[in-house]
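Everything on this sheet refers to the single structure shown next.
The values are calculated or read from the model by the stated rules, or taken from the named source; none is laboratory data. Model, not experiment: these values are computed from the prediction. Cβ placement follows ideal geometry from the backbone for every residue including glycine, while neighbour counts extend to all protein chains displayed. Surface accessibility is based on the protein's heavy atoms, side chains included, excluding ligands, DNA and RNA. Shrake-Rupley method; radii C 1.70, N 1.55, O 1.52, S 1.80 Å.
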Number of protein chains: 2
Amino acid sequence: MNEPDGSLLSLNTATVRQQWQLPDIIDGCARHGIRGISPWRDQVAAAGLRETAARIRHAGLTVTGYCRGGMFPAMDRAGRRAASDDNKRAVDEALTVAAQCLVLVVGGLPKDAAGRIQSKDIAGAREMVRDGIGELLDYARPAGMPLAIEPLHPMYAADRACVNTLEHANDLCDELGPGLGIAVDAYHVWWDPHLKREIERAGNAKGASRLLAYHICDWLVPTTDLLNDRGMMGDGVIDLPLMRSWMEACGYRGMHEVEIFSATNWWKRDPDEVLATCKLRHASST
Amino acid sequence: MNEPDGSLLSLNTATVRQQWQLPDIIDGCARHGIRGISPWRDQVAAAGLRETAARIRHAGLTVTGYCRGGMFPAMDRAGRRAASDDNKRAVDEALTVAAQCLVLVVGGLPKDAAGRIQSKDIAGAREMVRDGIGELLDYARPAGMPLAIEPLHPMYAADRACVNTLEHANDLCDELGPGLGIAVDAYHVWWDPHLKREIERAGNAKGASRLLAYHICDWLVPTTDLLNDRGMMGDGVIDLPLMRSWMEACGYRGMHEVEIFSATNWWKRDPDEVLATCKLRHASST
């Protein structure tokens, strides 16, 4: 297989969030020749929205996604309304930083204010997700901000996202129409026996490709924590070159966004070492 | 929904494996009025195969499954042959203890002798699984021992089982024919948007139902360990009464086998308390 184009590397800012504030991360990307970035809302809020937009623009970085909207399910109308309002603000912010899409982590089972799950009705949660995305599209579509559903690994179905397969995300795109696409994260979907089929379905969708973003990292064996034990590309079991070849075969020409949550390893290292390693491994192992 | 029949409770012996040897577990089941059991091979080996079969028979317990065969993928012919030989012995043992099925945990990516994963080719691993089950069926079918594929949660795709959905298991049953069925474990499949459809497909399969076993426990939020943090029924987020209703609606009349791996909670408790709690929760929360 062909090597990946080094200029397509993008950094999801969660990868070094324990070491650096957002301005440091932007500077780090520029310093390491990383040409894309995907920032998180809390980091943007801390650094200032307009200041961040200017700094990213000045550094010449492409914003491959804005993290994140979603979390649609709630037990009552007030909760769903609060999510809706917050998601509209996320669209506005994504426009301000000129993001290519707003990434949606759709939420799991409905929770109370303290974060305790209040219902076991996952089918109902999935209906709330569909309705919530549909309503947000009415706001995002005319504004020109694409929404990207990120299917999360099934181990997050209860508490983070009840859309857990590319097939489900594609079904939602079929139902809800233009302005909606998919963020494909290798960590979440690598195991799926329908992975190739559903990447092709997304890439060849009528009208426009749904492949709005491609996130990479690796699945470690053993994985010691459900949330924060993701691996650097090449350290795990995902056949990333094969997966990229499937994305490219159906027309994906976007960037490759490294997103690594790693409490015990990469978050403890010198962030310049982390960025240098991302570059090396992007070239050698993806 | 109707309450579950208390006489349908079965105990997977892993649930108290840290506290009791197998003879203690058999006695415990009898003492607590639990009428089914599903023992593991290592426990049976420690207690003696014929002694165990006699003790279970004497206690009047139904053996709802024998744990376990599988682990088919290997890097070379010798490794696959070793797995095949071991699986045939597992069939023989399952016959000796009069199990209703041999449960298959099919294995993930091929490993070396030290347990290190040697390949990222999950499609290839799935072919080895298909071929391995096909060969084992030639042995198990004439012997009259049903094989039950247990799809494991996708978080085990790399290291334990690369069959991760009921759909995949049903596809294998379609391809490989009679003598093969499915062990449905709520923990592994509760998140699947096609859960109801694939239970119905298994239950209504032409010839005979594929629903050979039904395992229950619960998915905790948060889950602190990928392997050994399963919950007691009622302590998590799985809608177990709904899932049982789907099993029953397509004809499942078998037992409900409690299988809880819980390093920090249930494995540390008095095993008599664990069994009493299983009985209570089976009645109240499944």
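Once each part is reduced to its C-alpha centroid, what is the distance from the stretch B:21-63 to the stretch A:47-66 in angstrom?
Centre-to-centre distance over Cα atoms comes out at 65 Å.
With charges set only on the Cβ (+1 for Lys and Arg, -1 for Asp and Glu), what does the dipole of the protein assembly as shown come to about its Cα centre, in debye to the nearest 20?
60
With a 1.4 Å probe and all protein chains kept in place, how do A:M145, B:M128 rank by accessible area, largest first?
B:M128, A:M145
Only Cα pairs under 8 Å and at least 6 apart count here; give the relative contact order of the stretch A:100-249 as a rounded whole percent.
20
Please give me the summed charge of the neighbours of B:D272: other residues whose Cβ is under 13 Å from its Cβ, Lys and Arg +1, Asp and Glu -1. List each step's numbers first, then the result.
Details: positive: B:R31, B:R269, B:K279; negative: B:D24, B:D27, B:D270, B:E273.
That works out to -1.
Have a look at A:A98, A:A123, A:A59 and tell me which one the Gaussian network model of chain A (Cα, springs below 10 Å) gives the largest fluctuation.
Sorting by GNM fluctuation, first place goes to A:A123.
Given a 1.4 Å probe and every protein chain left where it sits, what share in percent of the accessible area of the stretch A:151-286 is carbon and sulfur? Walk me through the numbers on the way to the answer.
Numbers: 2270 of 4380 Å².
Of all accessible area on the stretch A:151-286, carbon and sulfur atoms account for 52 percent.
Sequence gap at least 6, Cα distance under 8 Å: using those rules, report the relative contact order of chain B to the nearest whole percent.
Details: 579 pairs, mean separation 57.5, N = 286.
Once normalised by length, the contact order is 20 percent.
Tally the DSSP beta bridges in the stretch A:155-264 and give the antiparallel ones as a percent, rounded to 5.
Approximately 25 percent, going by the DSSP bridge assignments.
Exposed loop trypsin sites (Lys or Arg not before Pro) only (DSSP loop, at most 10 other Cβ atoms within 10 Å): please give the longest stretch of chain B free of them, not including the sites.
The longest uninterrupted stretch comes out as B:1-115.
Could you do me a favour and compute the accessible area per residue for the stretch B:157-229, 1.4 Å probe, result in Å²?
Values: 2300 Å² over 73 residues.
Per-residue accessible area for the stretch B:157-229 comes out at 32 Å².
What percentage of the solvent-accessible surface of the stretch B:1-92, computed with a 1.4 Å probe over protein heavy atoms, is contributed by carbon and sulfur atoms?
C and S atoms contribute 45 percent here.
With the dipole of the stretch A:202-286 worked out from charges on the C-beta (+1 for Lys and Arg, -1 for Asp and Glu) around the Cα centre, which of A:G251, A:C217, A:W266 lies farthest toward the positive end?
Result: A:G251, furthest along the dipole toward the positive end.
Given the rule -39500 (n - 2.57) for each run of at least 4 DSSP H residues, summed and divided by the residues of the protein assembly as shown, what is its mean residue ellipticity at 222 nm, to the nearest 500 deg cm²/dmol?
Estimated from H runs of four or more residues: -13000 deg cm²/dmol.
Measure out, as a whole number of angstrom, how far apart the alpha-carbon centroids of the stretch A:83-101 and the stretch B:239-286 sit.
Taking the Cα centre of the stretch B:239-286 as reference, the centre of the stretch A:83-101 is 44 Å away.
Please give the per residue volume of the convex hull enclosing the alpha carbon atoms of the stretch A:7-75, rounded to a whole number of Å³.
98
Total Å² of accessible surface buried at the A-B contact, 1.4 Å probe, nearest 100?
Details: alone 12260 and 12260 Å², together 22120 Å².
For chain A against chain B, roughly 2400 Å² becomes buried.
Less than 14 Å Cβ to Cβ from B:N204, Lys/Arg counted +1 and Asp/Glu -1: what total charge do the surrounding residues give?
+1
Give the Cα extents of chain A along the principal axes, in whole Å, largest first.
Computed over chain A, the largest-to-smallest principal extents equal 47, 42, 40 Å.
Can you list the residues of the stretch B:151-185 whose accessible area drops by at least 40 Å² going from the chain on its own to the full set of protein chains, with a 1.4 Å probe?
At a threshold of 40 Å² (probe 1.4 Å), the residues of the stretch B:151-185 that become less exposed are B:P154, B:M155, B:A158.
Probe 1.4 Å, all protein chains in place: accessible area of B:D121 in Å², nearest 10?
For B:D121, solvent-accessible area is about 80 Å².
Relative contact order of the stretch B:1-81: what whole-number percent is it, with Cα pairs under 8 angstrom and at least 6 residues apart?
Taking the mean separation of contacting Cα pairs over the length of the stretch B:1-81, I get 29 percent.
Classify the stretch A:93-213 as rounded, prolate or oblate from the Cα gyration tensor: take a ≥ b ≥ c as the square roots of its eigenvalues, call it rounded if a/c is under 1.5, otherwise prolate when a/b beats b/c and oblate if not.
Here the stretch A:93-213 falls in the oblate category.
Of all DSSP beta bridges located in the protein assembly as shown, what percent are antiparallel, nearest 5?
Roughly 10 percent of the beta bridges in the protein assembly as shown run antiparallel, per DSSP.
If you take every DSSP beta bridge whose two residues both sit in chain A, what share of them, in percent to the nearest 5, is antiparallel?
Counting only bridges with both partners in chain A, antiparallel ones make up about 10 percent.
Work through the residues other than A:D185 whose Cβ is under 12 Å from its Cβ and net out their charges, Lys, Arg +1 and Asp, Glu -1.
-3
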